[in-house]
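The values are calculated or read from the model by the stated rules, or taken from the named source; none is laboratory data. Source: prediction; values computed, not measured. Glycine gets a Cβ as well: all are built from the backbone with ideal geometry, and neighbour counts include every protein chain shown. Surface areas here come from the heavy atoms of the whole protein model, side chains and all, with no ligands, DNA or RNA. Shrake-Rupley method; radii C 1.70, N 1.55, O 1.52, S 1.80 Å.
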Amino acid sequence: MAGPSPTARQARALFLALTLVLLPVLAGCGGGKDGASTGKTAGTAAGQPSAAAADRAEPLASVPTPQLPATVRSADGRQVTVESADRIVPLTGALSEIVFSLGLGRNVVARDITATFEQAKDLPVITRAHDVSAEGVLSLHPTLVLADTSTGPADAVQQIRDAGIPLLVLDPAVRIDDIGPRITAVAAALGVPDAGTELRERTADRISAVQRTVPATDGRKPRVAFLYLRGTASVYLLGGPGSGADSLIEAAGSVDAGKASGLHKDFTPITSEALVKAAPDVILVMTKGLESVGGLDGLEKVPGVAQTPAGLDHRVVAIDDGVLLNFGPRTDEVLRQLVDGIHRQVGG
């Protein structure tokens, strides 16, 4: 397990290793014996949970026909020629989501452990924890393997390449602006560039539509701190510039509290001093992270949380680990949860 201050790559690998079913907003944690809410909310007003969105990828209306061969440039500098898209193995949940959204889910023959959306759940898993099994991949005779620079171990990736399988590596998406180029790159490799343009435009339009719902403020935007928590591993981190959450927080009409407080790293160990300086109005966490510290009651025991405006008023937004930082075709759903959870709680 990662140590107390992982690199950005390690942190993203931890994010990708999680497999909860999509819970747009976690609410009503810590109820009494009769199940009643404690009154503390997580992303909703008055302790009422929001309706859960279906955990499904949404394919384009028209199923595209791949026009191959196609030669594309991999993020590691290699030229990759794809002759067939008949048997696709995406090695991250985010890449799986793009393939299914492009309408080529029928060609996917395996999944990474983080691909938890409904259409992929019955596919064979070819990862152990978050490590790729080269033997598992090769046993399925793929015609294309999709990975990103956080995929590992390196020897497994090399073993797949040595077997002559086309393997395309993409840069991880860590900002909303990365979504469009990532969709375009996957679509180009699959020989469906027009479908890539359509999905890219659909995704951008939906994100823009959500951003138009951000309430006007009186000049002061809410400050939101992203806390990466793994209580069972004693990992407690405050997000800063480059965490990925900062892009979402800003798109939701808010200020990333870690960045605004002067942090220069993507993740910094939480201290009481750092959180008090960040002074968040709302705390953003992942659902699994919140569970790992004992829910909302346990979150208040994390150093500094109880001394922040967010902690004092129990303003917390919890979003599923598997979708929060995916940066893909469903990022508009994540952004909608953030806008609703943040601004409803601060009265925006």
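The residues in the range 102-125 that are part of a loop (DSSP other than H, G, I, E, B), surrounded by 19 or more Cβ atoms within 10 Å (Cβ to Cβ) and at pLDDT 90 or above can be counted, and the count is 4.
Kindly check whether there is at least one residue in the range 255-268 that is in contact with a Gly (Cβ under 6 Å, 6 or more places away or on another chain) and farther than 21 Å from Q307 by Cα. Yes. Taken over the range 269-301, the residue count meeting the criterion of being open to solvent by less than 40 Å² (accessible area, probe 1.4 Å) and either in a helix (DSSP H, G or I) or at pLDDT 95 or above (or both) is 20. Looking across the range 245-265, the residues that are crowded, with 24+ Cβ neighbours inside 10 Å and part of a loop (DSSP other than H, G, I, E, B) come down to A252, S254.
Determine if the range 317-333 includes at least one residue that is farther than 21 Å from R212 by Cβ, surrounded by fewer than 23 Cβ atoms within 10 Å (Cβ to Cβ) and not small (G, A, S).
Of the range 317-333, the ones farther than 21 Å from R212 by Cβ are 318, 320-326.
If we keep only those that are surrounded by fewer than 23 Cβ atoms within 10 Å (Cβ to Cβ) as well, we get none.
No, because not a single residue in the range 317-333 is farther than 21 Å from R212 by Cβ, surrounded by fewer than 23 Cβ atoms within 10 Å (Cβ to Cβ) and not small (G, A, S).
Taken as a whole, the structure leaves T65 outside the set of residues that are in contact (Cβ under 8 Å) with a residue 12 or more places away in the chain, outside any loop (DSSP other than H, G, I, E, B), on the phi < 0 side of the Ramachandran plot and exposed (fewer than 14 other Cβ atoms within 10 Å of the Cβ).
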